[in-house]
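Enquirer: Once you've had a glance at the structure underneath, I'll fire off some questions.
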Amino acid sequence: MAQKSNKQIKVVLVDENDTVIGEKEKFEAHKNPVPLHRAISVVIFDPRREKMLLQKRAKDKPTWPLFWSNATCTHPFPNEGYKDAAERRLEEEMGFTVSLKEIFRFIYKAQYDKDWGEHEYDVVFEGVYDGKIKPDPSEVADYKWMEVGKLLNDVKTDPESYSPWFKIILKKLKI
């Protein structure tokens, strides 16, 4: 599927029960006050579940640029399922596909600055991978595999380096 231009991308607005209540252009939907909208996050482990794939968000992202986060995240398009969005975005951002399974859902709100923020109904998927990674440089500034114990310790000692949703995901993973 060809990527849409940012002006064409709409996010799905929902209530706390994930009932659709409308749509809004992606960038407008992230300006304060941010309405609750659908999102997905993908966590990728190595086959032994000892390491997790992290991405450093591209410098041109309006929210949390150059922060470390989970392998990929996005917003489902209107009429696109959560899993379809997760699979699509993993391939677009990190250049690979893998079987994904939904592991949990949560709602969070975070303010980046006076203008930008997040308020998302986030559906989290997990996968296992050990192949080649071909990140899209317009989306990903850097990536790395990090040992899970070191990651958890680093998030405690340097929380400002990580996206707010990723810190919540790590707590909920119970790893």
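Enquirer: Just name the residue that is farthest from Arg48 (Cα to Cα) out of those in region 137-155 that are in contact (Cβ under 8 Å) with a residue 40 or more places away in the chain and part of a helix (DSSP H, G or I).
Expert: The initial filter retains those residues of region 137-155 that are in contact (Cβ under 8 Å) with a residue 40 or more places away in the chain, namely 137-148, 151.
Narrowing the set further to residues that are part of a helix (DSSP H, G or I) leaves 148, 151.
Numbers: Val148: 11, Leu151: 16 Å.
That would be Leu151.
Enquirer: For region 74-103, which residues satisfy the criterion of being under 19 Å from Leu54 (Cβ atoms) and not in a loop (DSSP other than H, G, I, E, B)?
Expert: We begin by selecting, within region 74-103, every residue under 19 Å from Leu54 (Cβ atoms); these are 74, 86, 89-98, 100, 103.
Across region 74-103, the qualifying residues are Thr74, Ala86, Arg89, Leu90, Glu91, Glu92, Glu93, Met94, Ile103.
Enquirer: Out of the residues in region 10-37 meeting the condition of being among the charged types (D, E, K, R) and in contact with an Asp or Glu (Cβ under 7 Å, 6 or more places away or on another chain), tell me which one is surrounded by the most Cβ atoms within 10 Å (Cβ to Cβ).
Expert: Our first condition is that a residue be among the charged types (D, E, K, R); within region 10-37, this holds for 10, 15-16, 18, 23-26, 28, 31.
Restricting the remaining residues to those that are in contact with an Asp or Glu (Cβ under 7 Å, 6 or more places away or on another chain) gives 10, 31.
Values: Lys10: 18, Lys31: 14.
Looking at the filtered set, the residue picked out is Lys10.
Enquirer: Looking for whichever is assigned to a loop (DSSP other than H, G, I, E, B), acidic (Asp, Glu) and farther than 25 Å from Arg48 by Cβ here; the options are Asp113, Asp130. Which one fits?
Expert: Working: Asp130 fails: farther than 25 Å from Arg48 by Cβ.
After ruling out the rest, the residue left standing is Asp113.
Enquirer: Same structure again: Return the residues of region 44-95 that are at pLDDT below 95 and of a type in the set (Ser, Thr, Tyr); say none if nothing qualifies.
Expert: Within region 44-95, just Thr63 meets the criteria.
Enquirer: Here's another thing I want to ask about it. Which number in (1) of a type outside the set (S, T, N, Q); (2) in contact (Cβ under 8 Å) with a residue 40 or more places away in the chain; (3) in contact with a strand residue (DSSP E or B) (Cβ under 6 Å, 6 or more places away or on another chain); (4) surrounded by 15 or more Cβ atoms within 10 Å (Cβ to Cβ) marks the one condition that Phe77 misses?
Expert: Only one criterion is unmet by Phe77, namely (3).
For (1) in contact with a helix residue (DSSP H, G or I) (Cβ under 9 Å, 6 or more places away or on another chain); (2) within 20 Å of Tyr121 (Cα to Cα), each residue gets a yes or a no:
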{"site": "Asn17", "(1), (2)": "no, yes"}
{"site": "Glu23", "(1), (2)": "yes, yes"}
{"site": "Glu28", "(1), (2)": "no, yes"}
{"site": "Leu36", "(1), (2)": "no, yes"}
{"site": "Ser41", "(1), (2)": "yes, yes"}
{"site": "Lys51", "(1), (2)": "yes, no"}
{"site": "Ala58", "(1), (2)": "no, no"}
{"site": "Lys61", "(1), (2)": "no, yes"}
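The values are calculated or read from the model by the stated rules, or taken from the named source; none is laboratory data. Not measured: the values here are computed from a predicted model. A quick note on method: Cβ atoms are made from the backbone with ideal geometry, for glycine too, and the neighbour counts reach across all protein chains shown.
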